[in-house]
Amino acid sequence: MKQAVADAPGRVNLLGEHTDYNDGFVLPVAITQRTRVTMEVIEGDTVEVHARELGETVRFRLGEPPSDHFASYVYGCLMLVKERGAQVPGLRIEVSSEVPMGVGLSSSAALEVATLRCLRTLLSLDLDDVVIAQLAQRAEIEYANVRCGIMDQMASSLAATDRALLIDTRSLERRDVPLPAGSAVLVLDSGVARTLAGSGYNQRRSECEAAAQALGIASLREVTSLQQLDVLPDVQKRRARHVYTENARVMSALDCQDARGFGQLMNESHASLRDDYEVSTGELNLLVDLLQAQPGVFGARLTGAGFGGACVALCEPARLLEVADAVLGKYNGQGHSGKRLVPA
Ligand code: GLA
C-alpha cells in the first residue's frame, strides 16, 4: 500500500499587511500549530478526503470540483499537480489540523502546502519549496476564489517559528530577520468570525489595482512619495497611502533592533489598516487598544486580512501569559469571546 504523510505550519504576520498583492514586503513568522495530511493510494479514480476536526468526508473525481470549501483546496492542489503532468491515482486523504481556522493564521495555506508536500513525497515530484508556495497560491485563487497574494503560502512553505521571514513578494527574495531581543509573539483571537472570500478582500485588491493604473505604474510597490498620490480620488488615495507607508514600516523594522521601536511600527500599522485601509472592526480596535495599553506590550495590531480574526502583539517574554489573561479578562468582560492562540 503506497502512503505518504506531510505537514505544514500556519503563520502570523508581524508587519506588511495587504502589501503582498501590491508586490510589496511582508514579515511573517511560522506558528507552532501545523496541519498534517496523510495520503494512501486506493483502487479506482476517486479521491476521498476526510477532515478530522470538521468531521466531514468528501468524495470527488478530478474534473468534478467539490463544493465543500476545505475540499476545494485539496482538489486545487491535485488539479495543479496533474496539470504539470503527474499521474494522480485514486486517494484516501486524511487531514488533521491544529491551525485555528478562519482567524487570519493561514489555515488554508497550511492545508495547501501540506497537501502539496504530501503529493511531492507520494508521487516523487520535483517541486522546490518556492514552487510549492506558488502552486498553493494558485490553488487558492483558481479553486477557492480568493485573489490572495503569496505571503501565506510562502510563509507556510519557508518560514521558521523562531525568526521572521522578510519576503519581497515581487522577486520572492527572502531573508531571515531575528525577532527583536527580549520580545515574544502573542496572538489573541477577537472571536469575530471572518470569511476571506465573502469579505472586502477582493474589493481592496481591485481598488489598489485601479490606483496603480491611474498612477501609470505596474503596482503600488512603485510609489515613491506620498505627494504622488495627490492625484487619486479619496478612497484610492487612502488605500495607496496604506500600502506605501506599510512597505516603509517593514523596511524600518529591518534596521530596528529594539522591541519598542518595532512595536511602535506595529501600532502605526494598525492605525493605517484601521483608518486608511478600513479593514479593522470595533472588536479588533478594542482588543488592540487593550493590548497597547498593557505594561509589557511593545506594540499590537490586527493581523491577516482583517474584517475580524486575530491580533498580534510583541511582548516581554516573561509577561506573555499575564498580558493575555489581563487583556482577555477586560475584553471578554465586555461580552466578547476572545481567546489566546499563540502561544498555544
Ligand atoms: C490574506 C491573504 C494574503 C495577504 C493578507 C493581508 O492572508 O491570503 O495574501 O494579502 O491577507 O496581508
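The values are calculated or read from the model by the stated rules, or taken from the named source; none is laboratory data. Quick caveat, the model's predicted, so the values are computed rather than measured. Note that each Cβ is placed from the backbone with ideal geometry, even for glycine, and that neighbours are counted across all protein chains shown. Areas reflect the complete protein model, heavy atoms only, side chains present, ligands, DNA and RNA absent. Shrake-Rupley method; radii C 1.70, N 1.55, O 1.52, S 1.80 Å.
Values computed for the structure shown
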{"read-out": "Under 5 Å, built H, 5+ apart or other chain: amide partners of residue 91", "value": "42, 46, 47, 48"}
{"read-out": "Under 5 Å, built H, 5+ apart or other chain: amide partners of residue 31", "value": "10, 11, 12"}
{"read-out": "In Hz, Karplus ³J(HN,Hα) per residue of region 25-38 (6.51, -1.76, 1.60; θ = phi - 60°; x = Gly, Pro)", "value": "10, 9, 9, x, 9, 6, 9, 6, 6, 10, 10, 10, 10, 10"}
{"read-out": "Bins of 10 Å, starting at 0 and running to the largest distance - Cα pair percent for region 229-268", "value": "30, 38, 23, 8"}
{"read-out": "Within the chain, helix-based [θ] at 222 nm, where runs of 4 or more DSSP H residues each add -39,500 (n - 2.57), nearest 500", "value": "-12500 deg cm²/dmol"}
{"read-out": "Within the accessible area of region 3-177 (1.4 Å probe), percent carbon and sulfur", "value": "41 percent"}
{"read-out": "Long-range HN-HN contacts of residue 226 with modeled amide H, under 5 Å", "value": "none"}
{"read-out": "Neighbourhood net charge (10 Å Cβ-Cβ; Lys/Arg +1, Asp/Glu -1) for residue 30", "value": "+2"}
{"read-out": "Net charge, residue 291 excluded, C-beta distance under 11 Å - Lys, Arg +1, Asp, Glu -1", "value": "+1"}
{"read-out": "Phi to ³J(HN,Hα) by Karplus 6.51 cos²θ - 1.76 cosθ + 1.60 over region 286-303, Hz, x for Gly, Pro", "value": "5, 4, 5, 4, 5, 5, 5, 7, 7, x, x, 9, 7, x, 8, 7, 5, 10"}
{"read-out": "Rounded to whole Hz, the Karplus (6.51, -1.76, 1.60) HN-Hα couplings of region 70-76, x for glycine and proline", "value": "5, 5, 4, 5, 5, 4, x"}
{"read-out": "Cα centroid separation, region 301-329 to region 134-209 (Å)", "value": "18 Å"}
{"read-out": "Where Rh is the Kirkwood radius over Cα pairs, Rg/Rh for region 300-344", "value": "0.96"}
{"read-out": "Cα radius of gyration and Dmax for region 3-177 (Å)", "value": "15.3, 47"}
{"read-out": "The chain: projected area of the alpha-carbon convex hull, averaged over directions, in nm²", "value": "17.2 nm²"}
{"read-out": "Region 51-123: trypsin sites (Lys or Arg not before Pro) falling in loop per DSSP and having at most 13 other Cβ within 10 Å", "value": "52, 61, 84"}
{"read-out": "About the Cα centre, charge dipole magnitude for the chain (Lys/Arg +1, Asp/Glu -1 at Cβ), debye", "value": "120 debye"}
{"read-out": "Sequence-separation-based contact order of the chain, relative, with Cα cut under 8 Å and 6+ spacing, percent", "value": "21 percent"}
{"read-out": "For region 249-284 versus region 18-72, the gap between their alpha-carbon centres in whole angstrom", "value": "31 Å"}
{"read-out": "Anchor residue 2: lysines whose Cα lies under 23 Å away (excluding residues fewer than 8 positions away in-chain)", "value": "82"}
{"read-out": "Accessible area per residue in Å² at 1.4 Å probe, computed on the chain", "value": "40 Å²"}
